[in-house]
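Visitor: There's a structure below that I have some questions on.
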Amino acid sequence: MKPPITSLRAIPLLSITLLAGCASTEKGPASLPATLDEIKAELRLTAQQLRDADDLRHTQYTREQAAMEAQLTAELKNMSEKFSALSARLNAPQGSGPEPVVISDEKCPPPPQGQTADGKLLVGETEWLWLDAAGQAFQARVDTGAATSSISAADITIFERDGKDWARFFMSHQGMDDRIQIEAPLVRHVRIKQASAEDIDRRPVVRLSVRLGDMHEKTQFSLTDRKHMTFPVLLGRDFLKDIAVVDVGRTFIQPTLLKDKR
């Protein structure tokens, strides 16, 4: 049996439709390649961009390197200065200080002989002390460890004169030919404990006028037997304070008084 005519006519139509559908699913042809001149121009542009980028990188690196070198140079200079200063301090002599300032004698004249710059009396470990009541000078030991001065005395007698207490005693010491009688107002009694004994010694204290160098003062002396001592007179700190400075490395700084200067 032959197929119908309509069916035969549909076959070519279907084939054309299928072929058209297959053609539409395929990609279209690629864009045509550029010309040789365009390719060369593109290459030249790319090469120029590479050179510009390299120049910029080199410039930035040079600037950064210069800045880093300047910073390192400054730090090395600072460290070198500190090292030089420390080396100078290390090599400097121990105890060295600033150079002394020399002041001429015209601006700062030296103090008088036997006096300090502030006008105090300069005394040594031993000095000649003039006693007005005795009328002569005696060697005295200067002792800042003793509070009250003392004088060698024997045969001490307390008596009354004009309603006041006085003391009479004889000053004597080894090397003295005669005993010297002295009378002086009684000020008080002092209790002194001897280092070599447990007993407390109660001594009368009198006021006597003395001369030491150019100084003429009244001072208190405790009366005690000093025959076994080297010096008949001892000057304590009550006499020295505020008026004298002691130089224990020297002796007889003040001039010797052999007679009354009045």
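The values are calculated or read from the model by the stated rules, or taken from the named source; none is laboratory data. Source: prediction; values computed, not measured. Reconstructed Cβ throughout: ideal geometry from the backbone, glycine too, with neighbour counts over all protein chains shown.
Visitor: What about Leu43, is it surrounded by 10 or more Cβ atoms within 10 Å (Cβ to Cβ) and either more than 60 Å from the chain's Cα centre (by Cα) or at pLDDT 65 or above (or both)?
Guide: In short, yes.
Visitor: If a residue has to be part of a strand (DSSP E or B) and more than 15 Å from Thr219 (Cβ to Cβ) to count, how many in the stretch 118-136 make the cut?
Guide: Of the residues in the stretch 118-136, 4 are part of a strand (DSSP E or B) and more than 15 Å from Thr219 (Cβ to Cβ).
Visitor: In the set Ile151, Ile182, Ile158, Ile253, which member is more than 28 Å from Gly124 (Cα to Cα), among the β-branched types (Val, Ile, Thr) and either surrounded by fewer than 11 Cβ atoms within 10 Å (Cβ to Cβ) or touching a residue at least 12 places away in the same chain (Cβ under 8 Å) (or both)?
Guide: Residue meeting the stated conditions: Ile158.
Visitor: Is there a residue in the stretch 199-218 that is hydrophobic (A, V, I, L, M, F, W, C), part of a strand (DSSP E or B) and loosely packed, with under 13 Cβ neighbours inside 10 Å?
Guide: Yes: the stretch 199-218 contains one or more residues that are hydrophobic (A, V, I, L, M, F, W, C), part of a strand (DSSP E or B) and loosely packed, with under 13 Cβ neighbours inside 10 Å.
Visitor: Now for a separate question. Which one of Glu198, Glu183, Glu217 is at pLDDT 95 or above and of a type in the set (Asp, Glu)?
Guide: Exactly one residue qualifies, and that residue is Glu183.
Visitor: Could you tell me whether Leu122 is of a type in the set (A, V, I, L, M, F, W, C), touching a Pro at 6+ places or on another chain (Cβ under 9 Å), surrounded by 10 or more Cβ atoms within 10 Å (Cβ to Cβ) and at pLDDT 90 or above?
Guide: Yes: the conditions hold for Leu122.
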